[in-house]
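Please read the structure below before turning to the comments.
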Amino acid sequence: MNKVAVLSAGSWGTTMAMVLADAGNTVTLHARRSEIAHAINTRHENPAYLPGITLPATIRATTDPADALNGARHVIVSIPAQTLRTNLATWASLIPADAVVVSLMKGIETHTGLRMSQVITEAACIPAERVAVLSGPNLAREIANRQPAASVIACPDETAAKTLQTACLTPYFRPYTDTDVIGCELGGAVKNVIALAVGLATGLGLGDNARALLITRGLAETARLGTALGAEPLTFAGLSGVGDLQATCSSPLSRNRTFGEHLGRGLTLAEATTATGQTAEGVKSSQAILELARAHGVEMPITEVVVGVINGQLTVQDAAAHLLARAPKPERYQA
């Protein structure tokens with residue numbers, strides 16, 4: 001059996017641990033909190049993040065990262081993006097020398113503008129060929145209920161990507177492979193910001209036309225930035241692009257859309273954070289994405305508006321008007 005370590009036991013990490021166990025792997029799940037590890041080991045449930053979901057009895061949880069990582073062939077990392085570098089300072093020496101590290105994270109590091117695979121390569125001194133990204137329309141609760149879903153595993157090493165594909169293939173979870181790590185990561189990171197915008201619009205009482213506008217133009221923003229950074233444009237027409245964007249912007253299960261809705265209904269940033277309950281990656285990544293775009297001369301008007309609202313420079317009411325006040329252009333070239 002293939003031994004897999006999953007770091008850590010949030011909703012998405014726990015869900016992927018379930019997928020990997022269902023695919024026949026030996027899975028050890030690292031949890032920060034001892035009560036979560038105990039519940040997973042004794043009740044086969046993660047009551048904090050996936051209440052009511054029965055996990056495979058083959059998943060073993062531990063609070064010791066060395067225990068989780070010992071002998072692992074694949075290391076799956078699912079933690080808040082802005083804590084990755086700090087955690088890698090502890091984990092790097094424990095990761096087996098031949099293990100492939102897989103990022104489930106969808107964010108851009110603040111202050112550096114680095115994608116998560118780049119942070120792993122830099123902070124853990126792991127070659128890019130041993131770092132993969134899993135991204136797609138993957139709402140954790142639906143997959144935890146074993147509803148059909150698909151994703152993309154992107155890695156510079158095609159053999160490593162195919163090995164991972166086999167390791168997480170189940171009757172309900174279908175992974176595809178790709179080598180466009182840049183495109184897959186940017187699709188996952190920017191869609192969170194667009195979902196915040198859709199949430200804002202929903203909270204303001206705007207309808208499906210506004211949502212479709214934001215999704216469509218949000219995809220254009222994502223593709224412009226991705227192309228400038230060297231991504232394959234067609235990647236954004238796939239699962240990690242429009243697929244992930246559509247799911248995140250349309251589902252009430254989306255943390256980022258939910259966070260945006262709270263803001264749109266008048267909650268403060270702190271109140272929206274409390275009400276959402278889990279990390280909405282787009283909130284902290286939005287500024288880093290905007291700075292990355294500006295550094296490469298890419299216009300991202302929706303992202304600019306989201307950053308303005310989060311930073312208190314724009315009111316929620318002014319946000320929609322700000323976007324609609326832009327000069328009309330031909331669609332193909334519209335910024």
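Thr15: free of Cβ contacts under 8 Å to residues at least 12 places away in the same chain and either assigned to a loop (DSSP other than H, G, I, E, B) or under 19 Å from Gln165 (Cβ atoms) (or both), yes or no? No, not satisfied.
Among the candidates Ala123, Ala68, Ala89, Ala99, the residue that is exposed (fewer than 14 other Cβ atoms within 10 Å of the Cβ), in the same structural domain as Met16 (by TED's automatic domain parsing) and over 28 Å from Leu245 (Cα atoms) is uniquely Ala89.
Comparison of Gly218, Gly199, Gly183 shows that the only residue that is within 14 Å of the chain's Cα centre (by Cα), of a type outside the set (A, V, I, L, M) and surrounded by 22 or more Cβ atoms within 10 Å (Cβ to Cβ) is Gly183.
Evaluating Asp208 against the criteria (1) of a type in the set (D, E, K, R); (2) without any contact (Cβ under 8 Å) to a residue 12 or more places away in the chain; (3) within 16 Å of Ala132 (Cβ to Cβ) leaves one unmet condition, (3).
Inspection of the range 280-290 finds a residue satisfying the criterion of being of a type in the set (Lys, Arg) and touching a residue at least 12 places away in the same chain (Cβ under 8 Å). For the range 99-134, the tally of residues that are free of Cβ contacts under 8 Å to residues at least 12 places away in the same chain and closer than 17 Å to Gly188 by Cα stands at 2.
Looking only at residues in the range 186-196 that are in contact with a strand residue (DSSP E or B) (Cβ under 9 Å, 6 or more places away or on another chain) and of a type in the set (A, V, I, L, M, F, W, C), which one is surrounded by the most Cβ atoms within 10 Å (Cβ to Cβ)?
Ranking the qualifying residues of the range 186-196, first place goes to Val190.
For the range 231-241, state whether one or more residues are among the charged types (D, E, K, R), assigned to a helix (DSSP H, G or I), surrounded by 16 or more Cβ atoms within 10 Å (Cβ to Cβ) and in contact (Cβ under 8 Å) with a residue 24 or more places away in the chain. Checked the range 231-241: no residue is among the charged types (D, E, K, R), assigned to a helix (DSSP H, G or I), surrounded by 16 or more Cβ atoms within 10 Å (Cβ to Cβ) and in contact (Cβ under 8 Å) with a residue 24 or more places away in the chain. For the range 243-262, which positions are aliphatic (A, V, I, L, M) and crowded, with 24+ Cβ neighbours inside 10 Å? Of everything in the range 243-262, just one residue is aliphatic (A, V, I, L, M) and crowded, with 24+ Cβ neighbours inside 10 Å, namely Leu245. Among the conditions (1) assigned to a helix (DSSP H, G or I); (2) touching a helix residue (DSSP H, G or I) at 6+ places or on another chain (Cβ under 8 Å); (3) among the β-branched types (Val, Ile, Thr), Thr170 misses just one, which is (1). Checked against (1) in contact (Cβ under 8 Å) with a residue 40 or more places away in the chain; (2) under 17 Å from Trp12 (Cα atoms); (3) touching a Pro at 6+ places or on another chain (Cβ under 9 Å); (4) surrounded by 19 or more Cβ atoms within 10 Å (Cβ to Cβ), Glu142 meets all criteria but (4).
Out of the residues in the range 18-37 meeting the condition of being among the β-branched types (Val, Ile, Thr) and not in a helix (DSSP H, G or I), tell me which one is surrounded by the most Cβ atoms within 10 Å (Cβ to Cβ). Selected residue: Val27.
Give me the residue from the range 260-276 that is farther than 21 Å from Ile194 by Cβ and not in a helix (DSSP H, G or I) and, out of that set, nearest to the chain's Cα centre (by Cα).
Checked the range 260-276; the qualifying residue nearest to the chain's Cα centre (by Cα) is Thr268.
Scanning the range 38-65 for residues that are surrounded by 21 or more Cβ atoms within 10 Å (Cβ to Cβ), aliphatic (A, V, I, L, M) and farther than 20 Å from Asn2 by Cα gives Ile40, Leu50.
Screening Thr159 with (1) more than 22 Å from Leu55 (Cα to Cα); (2) assigned by TED's automatic domain parsing to the domain that holds Val102; (3) buried (at least 23 other Cβ atoms within 10 Å of the Cβ) gives one miss only, at (3).
The values are calculated or read from the model by the stated rules, or taken from the named source; none is laboratory data. Computed from a prediction, not measured in an experiment: that's the story for all the values here. Positions of Cβ are generated from backbone atoms using ideal geometry, with glycine treated the same way; all protein chains shown enter the neighbour counts.
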